[in-house]
Amino acid sequence: MKKFITAKNQALLENHPTLWNTKIVWMLAVSLILHFLFYLMGCVALMNPESLQRYNAIENFFGNGVILISVMVSILLLVLWLISLFRNNAFKNFYPNSRVKLFKQFASYFIIFLAATTFYYSYTLGMQTYVTLNYNDVRMEKDIALTNAAAPFFTHDLSRYELDQLRNPNPFDKLYCATAVSTVDVDQPYFEFKDNYYQFYSLRKQVYPFDKYVDPSDVTGNILNETIDGKQIFYFKDEVIDVNRYVKTSAPSYYNYNKLFYNGEEDEYSSYDYQYRDDYNPFTKITKKQKDFIEKHQAFINQQDKEAYNELLGDFIELANDYSISHNLTTKSWLDIAYTESPYKIKKIIHEGSYPYEYSVSYQEENDFVVYENSLKSRTHYLDSDSLKQSLKNIDEIKTTNIFEGTIHIFLWMAFFFACIVFIFRTTSLKSLLFSIVASVLLIILIGLIAAFFGFVIDYSSMIQYFIMYFTLILGTLILTVAFLGLSKVNKLVGSIFMNIAIVGFVPYIFLILVIIDTHQNDWCDYQYYDGYQQYNTVDQCLTIMDYLDIYWSYALLAAGVLFIFLYCKNILKWRAQPEG
Amino acid sequence: MSLYLQRLEEVKNFFDNKDTVLGYRKLMDCAMDTQDMDIYKKMIALTDWKEQHVNDETGLISRSMEVLSLLKTKKVEPTSAQGPVITASDITKTYGRSGFQLGPVSIEIKKGHIYGLVGENGNGKTTLLRILARELSNTSGSLNYVFKEDITSDYDLRAKLVYIPQRTATWYGSLKDNLKFVLSNYGVAPEENETRVLMMIARLGLWNYKQLKWSELSSGYKMRFELARTLLRQPEVMLLDEPLANLDVLAQQVVLEDLKSICNSVVNPIALILSSQQLYEVEKVSDKVIYLKNGQYTDNNAGFKGATLDQLIIEIDSTSDREAIKKAFENLPIEKLVYNGGVYLAYFTGETQFYRVLYALGAAQIEVTYIRNISSSTRRFFVS
C-alpha cells in the first residue's frame with residue numbers, strides 16, 4: 001500500500017505539480033473513505049426502530065452527537081491538509097505560473113473544503129438508504145393502511161368519538177355541528193349527552209372580491225374560509241337541520257370516529273388556509289380520502305364480525321411490535337375493549353403513552369362528561385400510538401426529503417469563504433491577511449459610525465437604509481477600482497490589502513447591488529399599490545429581482561465569485577511580480 | 001578544437017594526474033552539457049558506485065575514463081555569444097528616512113561571467129541585488145533585461161531572475177520532492193525529472209544527503225541544496241546574496257569553484273552576481289568585482305578615493321615594529337607606510353616589483369606572518 005501511494009505521489013509530482021502540491025487527490029480519497037464510513041454510520045443509525053420514534057429523525061446527525069465527530073474529523077483532516085499544503089508554494093518561489101494554474105489551486109481548495117466538511121450528507125444518505133430499503137413503499141402502504149384501519153380502536157381520546165365527529169353518511173359531510181352550549185338553540189332539534197350539546201347546521205358561503213385581501217378575523221361569524229384561485233370564500237352557519245333519524249345514540253361511539261390516523265404529508269398541514277375554531281371545536285372540510293376511510297370504517301364495524309376484529313387487532317399488534325411501539329395489549333384484551341354491538345358505544349379508554357394510566361386529582365371543573373370519561377379510563381392498558389405516528393412520519397420524511405435543498409448553500413459558501421482565505425494566505429502572506437482582516441473590521445466600524453451619525457442627524461429609517469447601502473456601494477466600488485487598476489500605484493502591502501478585500505468582498509458587493517435593486521423595486525411596488533388603508537394587492541404581486549432569481553441567487557453569486565477569482569488571478573500574478581518600495 | 005572538447009581534454013588531464021575530486025566534478029559538468037539522459041543515468045550510476053567505493057581511486061578513474069570516451073562521441077553545440085542579460089543605467093535608490101542613497105550604478109551583466117559584489121555592511125549590496133532582481137524598485141535610472149526567450153509578463157520576468165536571499169526559507173518534506181517540484185513546474189518531461197534531479201544532487205556533492213531532512217543539514221549543505229534547486233531552473237541569471245556566509249573556508253572554495261564551473265557551462269552559461277564579505281575568495285573566481293561604499297560604486301579596474309592603479313600596494317602582517325619595516329624598505333621607492341591597527345599597508349610607486357619588496361623584507365630578516373599584493377584587489381579599499 002505504501003509503495004502504491006509513493007508511486008502515485010511521484011507520478012502526480014512529475015505530471016501534475018499543482019495537484020501534487022494541493023494534495024487534492026489524497027484529500028478526495030481520504031474524504032471519500034470518510035464519507036463512506038459516515039454513510040455506513042447513517043445506515044446503522046436507524047436500525048433500532050425506537051430511533052424512528054424521536055421527533056425529526058432526519059436531523060439525527062445533529063441530535064445524536066455525530067455532528068461532533070464530523071466537525072472533529074473535518075478539523076483534523078483540514079489541519080493536516082494545511083500543514084501538508086504549506087510545504088511548497090510554486091507561486092511564491094516564482095516558478096512559472098499562469099492564471100489557469102493559479103485558479104486551479106483555488107478550485108482545489110474549494111473542492112477539498114467541500115469534500116472534507118459535508119459528511120452530513122453521507123450520514124443522512126445512509127439513513128435514507130436504510131429506510132428506503134427496510135421500509136419500502138409496498139410495505140409502508142400496507143402498514144399505513146393497517147394502522148389507519150386499527151386506529152379507531154386505539155380509543156385514546158373520547159372527544160374523537162363524540163357525536164360532533166360524525167361526518168358520514170350524507171348529510172353529515174356537509175353539516176356543521178355546534179357544541180357550545182351558548183350557541184345551541186334549544187327551540188330547534190339538538191342532542192345532549194352528559195352536559196354536552198350537539199346541534200347540526202347547514203352552511204352558507206360568501207365569496208369576497210377578487211382583488212382585495214380580507215383578514216378572516218375581521219369577518220364575524222365565519223366558521224371556515226378557503227382560498228381557491230385567488231378568491232377568498234367564507235362559510236357561515238345557516239339553519240338548523242334535524243338529523244334525528246340518522247343518529248342512534250348521542251353517547252360517544254366508534255361509529256362517529258372520522259380521523260385518519262396517518263395521512264402522509266397532509267396530516268400536518270391542511271390544504272385549507274385557515275381553520276376556524278368555534279369553542280375548541282375544529283371544523284374542516286372533509287376530504288375524499290377521509291370520506292373513503294370513514295365509509296370503510298363504518299362498514300367494518302357494521303359487519304360486527306368478531307373474527308375480522310380479531311385479525312385486524314392481531315395484525316396491528318404484530319406491526320406495533322415491529323416498530324417497537326410500547327404497549328401491553330393482547331389481541332384478546334384489546335378485542336374485549338374494541339368489540340361492541342350497535343350503537344358501538346365506547347366501553348373503555350386505552351391510555352396513550354408508554355405506561356398505564358395513573359389517576360391524578362383534577363383541579364378542573366368536572367362536569368358529567370368528564371366524570372363519565374374518567375370512569376372509562378383503563379388503569380391497565382396502554383398504547384404509545386403517538387410514537388407510531390412519529391415513526392411513520394419520520395419514515396416518510398426521510399424517504400422523500402431532498403437533503404441537499406437549502407443546506408447545500410451553507411456548505412458551498414463555507415467552502416468558498418475558507419478557500420478564499422487559504423488562497424489569500426498562499427498568494428500573499430499571513431501579515432497581509434491579518435492586515436486585511438483589521439482593515440475590513442475598521443471599514444465596518446466606519447460604516448456603522450457614519451450610519452449612526454446620519455441616523456442621528458436625519459431621523460428617517462428608510463433613508464438610513466438607503467444611505468448605508470449606497471455608502472457601502474461607493475466604498476466597495478473604490479476598493480474594487482484600486483484592486484483592479486491601482487495596485488501598481490500603491491505600496492505592495494497596501495495593494496495586497498485591497499486585493500484581499502476584493503477577493504472576499506466581491507460576492508458581498510454583487511449581493512449588495514442585488515439588494516439595492518430589490519429594495520428599490522419593493523419600494524416602487526409599495527408606492528404603486530398603497531391605497532391609504534395599508535391594504536395591498538395580493539394577486540398581482542410585484543416581481544423583484546430576488547423573487548425572479550429565487551434561491552438561484554445563491555448559485556448565481558457563487559458562479560460570479562468563482563468567475564471573478566478566475567479573472568482576478570491575472571492581477572494577482574501582476575501584483576506578485578511588482579517590486580517593493 | 002571546440003570548447004566542449006577542450007573541457008573534456010582538461011578532465012582527462014585531471015584524471016591522468018590523479019586529481020580525481022576536481023576531475024570528477026568537471027566530468028559531471030561536461031556530462032550535464034550534453035543534456036543527454038542516458039549520459040545522466042551513467043553519471044548517476046557512477047556517482048552511486050563512487051560513494052560505495054570511496055577508497056577505490058583506480059576503479060573510479062577507469063570508470064570515469066569510460067564515460068569520458070562516451071562523452072567524446074556526443075556533439076555539443078556551444079551557445080553563441082550574446083549581449084548583456086541585464087543592463088542597468090544610472091540606477092539609484094534613495095531611502096527616505098535614513099537618507100541613504102545607492103548609486104547611481106551603471107552595469108552590464110553578461111552570461112558566463114561572475115560578478116562579485118563586495119563592500120562593508122550597510123553599503124547597499126543587498127539593495128543593489130534586490131533592485132537587479134526586481135525585488136525592490138529603483139528610484140531613478142533604467143533596467144533592461146534580455147533573455148533567450150521573450151519576456152511575456154512581469155511575473156515571467158521575475159521567474160527568470162533567480163534571486164537567493166541571504167536567509168533562505170526552510171524546506172519542508174522530502175528534499176528530493178522539493179527539487180522534483182521545481183522541474184515539474186518548469187514542464188520538464190516526467191521521465192526526465194528524477195534523472196535531472198539526481199544528476200544535480202550528484203553534481204553538487206549531495207548524494208549522501210538526499211535522504212536527510214532539512215533540519216538535519218548543516219548550513220553549507222542547506223546552501224548547496226538551495227543552489228541545486230536554483231540551478232535546476234536553468235537560469236540565465238542568478239543573484240546570490242551572501243551565499244558564502246556560514247560556510248567554512250573549504251566549503252566556500254568548493255561552492256565558488258562549483259558556481260564558476262557551472263556558470264561557464266558550454267550550453268547554458270549563467271550570469272552570476274554574488275555578494276560576499278570573503279574578498280579573497282570572491283576575487284579569485286570573479287570576472288569583475290563591484291565595490292560599494294556608502295552606496296557609491298566602483299570596480300576593481302577603477303581608482304577609488306586616494307588609491308590609484310599606478311601604485312603597488314602591499315598588505316603585511318608582521319611581529320616586527322614599524323621602524324624595522326620602514327628601514328627594510330629604505331632602498332625602495334615607498335610612498336607611505338600605514339598601520340591600520342591590524343596590518344601594515346605599504347604604498348610603492350607603480351614601477352616597483354613585488355619580488356623586490358619580498359627580497360627587501362627577507363634581507364632585513366623581518367618576521368612576516370602574512371603578505372599580499374592588493375594593488376588590483378578591492379581589499380585596498382577595505383583596509384585603507
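Can you work out which of the residues in the stretch B:201-214 that are in a helix (DSSP H, G or I) and in contact (Cβ under 8 Å) with a residue 40 or more places away in the chain is surrounded by the fewest Cβ atoms within 10 Å (Cβ to Cβ)?
Of the residues in the stretch B:201-214, the ones in a helix (DSSP H, G or I) are B:201-203, B:207-209, B:214.
Going one step further and asking which of them are in contact (Cβ under 8 Å) with a residue 40 or more places away in the chain, we end up with B:202-203, B:207-208, B:214.
Details: B:202: 26, B:203: 25, B:207: 16, B:208: 10, B:214: 16.
Step by step, filter the stretch B:201-214, then rank; the result is B:208.
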Restricting the stretch A:65-88 to residues that are surrounded by fewer than 16 Cβ atoms within 10 Å (Cβ to Cβ) and in a loop (DSSP other than H, G, I, E, B), the one farthest from the other protein chains (Cβ to nearest Cβ) turns out to be A:65
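Tell me, which strands (runs of 3 or more DSSP E) wholly within the stretch B:224-303 include 3 or more residues that are buried (at least 17 other Cβ atoms within 10 Å of the Cβ) and of a type outside the set (S, T, N, Q)?
Per the criteria, B:237-241, B:271-275, B:288-293.
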*asked:* Any residue that is modelled with pLDDT of 85 or more, surrounded by 13 or more Cβ atoms within 10 Å (Cβ to Cβ) and either of a type in the set (Ser, Thr, Tyr) or farther than 30 Å from residue B:124 by Cα (or both) - is there at least one of those in the stretch B:367-380?
replied: yes
Flagged in the stretch A:55-96 as in contact (Cβ under 8 Å) with a residue 60 or more places away in the chain and of a type in the set (S, T, N, Q), in numbering order, are A:56, A:60, A:84, A:88, A:89
If we keep only residues of the stretch B:116-133 that are crowded, with 23+ Cβ neighbours inside 10 Å and either on the phi > 0 side of the Ramachandran plot or part of a strand (DSSP E or B) (or both), then the residue nearest to the other protein chains (Cβ to nearest Cβ) is B:124
Expected single match for under 30 Å from residue B:135 (Cα atoms), among the aromatic types (Phe, Trp, Tyr) and more than 14 Å from chain B (Cβ to nearest Cβ) among A:135, A:176, A:109 is A:109
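Can you pull out every residue in the stretch A:540-581 that is assigned to a loop (DSSP other than H, G, I, E, B) and over 30 Å from residue A:97 (Cα atoms)?
The initial filter retains those residues of the stretch A:540-581 that are assigned to a loop (DSSP other than H, G, I, E, B), namely A:540-544, A:550-551, A:578-579, A:581.
Residues satisfying the conditions are A:540, A:541, A:542, A:543, A:544, A:550, A:551.
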The lone condition residue B:76 fails out of (1) part of a loop (DSSP other than H, G, I, E, B); (2) in contact (Cβ under 8 Å) with a residue 40 or more places away in the chain; (3) within 21 Å of residue B:166 (Cα to Cα) is (3)
Filter the stretch A:12-40 for residues that are away from every other protein chain (no Cβ under 14 Å) and touching a Phe, Trp or Tyr at 6+ places or on another chain (Cβ under 6 Å); the one that is farthest from residue A:95 (Cα to Cα) is A:38
Output for Cβ contacts, cut-off 7 Å, separation at least six or different chains, first residue free of Cβ contacts under 8 Å to residues at least 60 places away in the same chain and more than 8 Å from chain A (Cβ to nearest Cβ) in the stretch B:156-185, second assigned to a loop (DSSP other than H, G, I, E, B) and not hydroxyl-bearing (Ser, Thr, Tyr), reads B:175/B:210; B:175/B:212; B:176/B:210
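Take the residues in the stretch B:134-155 that are within 12 Å of chain A (Cβ to nearest Cβ) and within 22 Å of residue B:267 (Cα to Cα), then tell me which one is surrounded by the fewest Cβ atoms within 10 Å (Cβ to Cβ).
Restricting attention to the stretch B:134-155, the residues satisfying the condition of being within 12 Å of chain A (Cβ to nearest Cβ) are B:134-139, B:143, B:149, B:151-155.
Filter once more, so that each one left must be within 22 Å of residue B:267 (Cα to Cα): B:149, B:151.
Working: B:149: 8, B:151: 15.
Here the answer is B:149.
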So, first residue at negative phi and surrounded by fewer than 22 Cβ atoms within 10 Å (Cβ to Cβ) in the stretch B:17-40, second residue hydrophobic (A, V, I, L, M, F, W, C) and assigned to a loop (DSSP other than H, G, I, E, B), Cβ within less than 6 Å, six or more apart or across chains; the pairs are B:34/B:76
Filtering the stretch A:318-354 down to residues that are under 22 Å from residue A:249 (Cα atoms), of a type in the set (Lys, Arg) and either part of a helix (DSSP H, G or I) or in contact with a strand residue (DSSP E or B) (Cβ under 8 Å, 6 or more places away or on another chain) (or both) yields A:345, A:348
All-but-one check, residue A:113 against (1) more than 19 Å from residue A:406 (Cα to Cα); (2) aromatic (Phe, Trp, Tyr); (3) crowded, with 18+ Cβ neighbours inside 10 Å, failing number (1)
Residue B:105 - would you say it is modelled with pLDDT under 90 and out of contact with any Leu (no Cβ under 7 Å at 6 or more places or on another chain)?
no
Turns out the strands (runs of 3 or more DSSP E) fully within the stretch A:116-219 with at least 1 residues that are without any contact (Cβ under 8 Å) to a residue 24 or more places away in the chain and more than 26 Å from residue A:232 (Cα to Cα) are A:196-207
**OP:** Can you confirm whether the stretch A:428-438 contains a residue that is crowded, with 16+ Cβ neighbours inside 10 Å and more than 30 Å from residue A:580 (Cβ to Cβ)?
**Re:** no
Any residue in the stretch A:236-257 that is crowded, with 19+ Cβ neighbours inside 10 Å and either on the phi > 0 side of the Ramachandran plot or within 32 Å of the chain's Cα centre (by Cα) (or both)? yes
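The values are calculated or read from the model by the stated rules, or taken from the named source; none is laboratory data. Treat the numbers as computed from the prediction; the structure is a model and nothing was measured. Please note: Cβ atoms are built from the backbone with ideal geometry, for glycine as well, and neighbour counts cover all protein chains shown.
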